[in-house]
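Encoded as structure tokens, the structure appears first; notes follow it.
None of the figures in this text is laboratory data; all of them are computed from the coordinates on show. Treat the numbers as computed from the prediction; the structure is a model and nothing was measured. With ideal geometry, Cβ positions are generated from the backbone for all residues, glycine too; neighbour counts draw on all protein chains shown.
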Amino acid sequence: MTSIRRVGIVAKSHLRAATPHLGEIASWLEARGVEAIFETATAALLPASGAARARGAIDKSALAQRADLVVVLGGDGTLLSMADCIGAAGVNVPILGVNFGSLGFLTEVTLPELYPSLEAALDGRAPIEDRMMLRAATLRGGGVSAEHVALNDVVVTKAAHARMIELSVWVGEEFVTRIKADGLIVATPTGSTAYNLAAGGPIVQPTLDALLLTPIAPHMLTNRPIVIPAATPVRVQPLMEERDEVYVTFDGQAGFELQAGDEIRIHRADRTLRLIRPTTRSYFAVLREKLKWGER
């Protein structure tokens, strides 16, 4: 890891439990000659004594550009939001995720592990995993109307009270199938333990180079999840009638309603997300703790 001079600090919105830790982290960093930069909403959580630091707060997109390392305090959703900003900025800023609840799949570092993990990151000793990200382009009227980056998944789904939808799916230039279901999840291995898992998709070790296609509540039981090479782009086209309501979402952080004729093209992003992991726990240890493997 290159020299770390500026560390961005991002907390879950309204997470008052983080307040006593924010100033401590900043002071700890500054004692080591490292500047602490607060995200705007996070700065609002600072106690009155941190008002001077709050004045220099910036939004997540700007933080991704300025920081050499980002510390996220909260849960997996908070980390996903910051990860998507880093992916959109096209930078290689690593993230250290600290969980303020039960152990997360992404925010693996616990509060007692915070400072040892930060110390290891500053010293260049921290283990870093490169996690694949997705880049999705929405095609409308012959051109690209929107582009998004996602760490976990891109989901095409129906509205809450709408009927099932039909989706045509291609892998590369080859037609795969037409799915009648509540939707379709295109997930990375990192996202395999998110919505994909809840929908009955497989768990895939995060370092594998693969994409997962998982139907959501398919009408036909023969529509099963499939794992494909990550180098092959995926195309999803809703077959919409007038009363259909179809949406696309990206990591559950952003999304919009699709129109008839829209197509979503999803491929592996050029850059990966660099995720700092604790040295005390393996990926399978996290799975055992979260999924209660082996317990009766």
- Query: Which far-off residues, 5 or more places away or on another chain, put their amide H under 5 Å from the one on A210, with H placed in the peptide plane?
  - Reply: A230
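Per DSSP H run of n ≥ 4, the term is -39500 (n - 2.57); total these for the chain, divide by its residue number, and report the mean residue ellipticity at 222 nm rounded to 500 deg cm²/dmol.
Numbers: 8 runs with 64 residues, N = 296.
Estimated from H runs of four or more residues: -6000 deg cm²/dmol.
Largest first and in whole Å, what are the equivalent-ellipsoid semi-axes of the chain based on the Cα gyration tensor, each being the root of 5 times an eigenvalue? Show your work: numbers first, answer last.
Details: eigenvalues 264, 86, 59 Å².
Square roots of five times the eigenvalues give 36, 21, 17 Å.
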- Determine the dipole magnitude for the chain: charges of +1 sit on the beta-carbon of Lys and Arg, -1 on that of Asp and Glu, nothing else is charged, the reference point is the Cα centre, and the result goes in debye to the nearest 20. 460
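Kirkwood Rh, segment 134-268, all Cα pairs: how many Å?
On the way: mean 1/r = 0.0686 Å⁻¹.
By the Kirkwood definition, the hydrodynamic radius is 14.6 Å.
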- Query: Are there any helices in the chain, counted as whole DSSP H runs, that stretch 15 Å or more along their axis by Cα and score at least -1.0 on average by Kyte-Doolittle, and if so which?
  - Reply: 19-30, 76-89
- Message: Distance between the C-alpha centers of segment 13-48 and segment 132-157? Whole Å please.
- Response: 33
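Compare the peptides 220-231, 261-272 by average per-residue count of other Cβ atoms within 10 angstrom and give them in order, highest first. It would help to have the intermediate numbers written out before the result.
On the way: 220-231: 13.6, 261-272: 17.8.
Peptide ranking by packing, descending: 261-272, 220-231.
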- Item | Taking the chain and dividing mean pair separation by its residue count, relative contact order in percent (alpha carbons under 8 Å, at least six apart) | 18
- Note on the structure: Note on segment 1-149, DSSP bridge orientation, antiparallel percent to nearest 5 equals 25
